[in-house]
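Notes follow the structure.
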Amino acid sequence: DGKGLYINGTCMTYLCTETKVMAHLPLLLNPNPKNMLIICYGMGTCLRAAATHKDVNIDVVELIKEEFSVGHYFHSNAQDVLDDKMVHHYGDDGRNFLLMRDKKYDVISIDPAPPLCSAGTVNLYSRDFFTLCKSKLDTNGILCLWIQPSYATEIKIIMKSFQSVFPETHVYTGFSLKGFYMVG
């Protein structure tokens, strides 16, 4: 319906199928998901989709904690999802959140803010960050990364970095957006 989330004049996300798939794809690929981490809350669409998987404990991290209070503009049940006993939300930097906790996850889903090369965001596309995520995955854990539409050279570098950490990588294209899901 044309709703979008803008931060400092930049469109971070809008209502689309891609953000739902960021939850469903890795949760359905994992044989027995119990704990999930979502890095980047945005409008809350990925979290809403993940919360439909009733036996999954979900931690969701958002750098701009005020985004948790505007989810109702996009989804009428956003606050109900945040109040669910299986959902825990944190205003924090995703990388620091992982560094400061010993918790392991069955699924980690990441939707970095655009553009790819923006300060801070670029760190979420690095080999070091993928290695950190891998260290926080349980034995059958899955990392799902959304790579937004960008220049082919940038996408190839990110894909190569991801695959160097997750040799068994699957790549799926977006539905309406020309981005990619990387699953490792």
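A few remarks follow.
- Nearest-0.05 FRET efficiency for Ala152 and Met86, computed from C-beta distance (R0 35 Å): 0.35
- As a size descriptor, the averaged projected area of the C-alpha convex hull of the chain was calculated at 9.7 nm².
- Bridging of Lys160 to lysines at a Cα separation below 20 Å is possible for Lys134, Lys178, once same-chain residues fewer than 8 apart are set aside.
- In nm, spacing of pseudo-spin labels at Leu29 and Asn123 (7 Å Cα→C-beta vector): 2.6 nm
- Lysines with Cα under 21 Å of Lys54, excluding same-chain neighbours fewer than 8 positions away: Lys20, Lys34, Lys85, Lys103, Lys104
- Listed residues Val165, Asn123, His72: farthest to the positive end of the dipole of the chain (Cβ charges): Val165
- With every protein chain in place, the chain: carbon and sulfur % of accessible area (1.4 Å): 54 percent
- Average accessible surface for the chain: 51 Å² per residue, computed with a 1.4 Å probe over protein heavy atoms with every protein chain in place.
- Value of [θ]222 nm, deg cm²/dmol, for the chain, DSSP H segments ≥ 4, -39500 (n - 2.57) each, nearest 500: -8500 deg cm²/dmol
The values are calculated or read from the model by the stated rules, or taken from the named source; none is laboratory data. This is a predicted model, so every value here is computed, not measured. Here the Cβ is made from the backbone with ideal geometry for all residues, glycine too, and neighbour counts use every protein chain on show. Just so you know, the surface numbers come from the protein's heavy atoms only, side chains and all, with ligands and any DNA or RNA stripped out. Shrake-Rupley method; radii C 1.70, N 1.55, O 1.52, S 1.80 Å.
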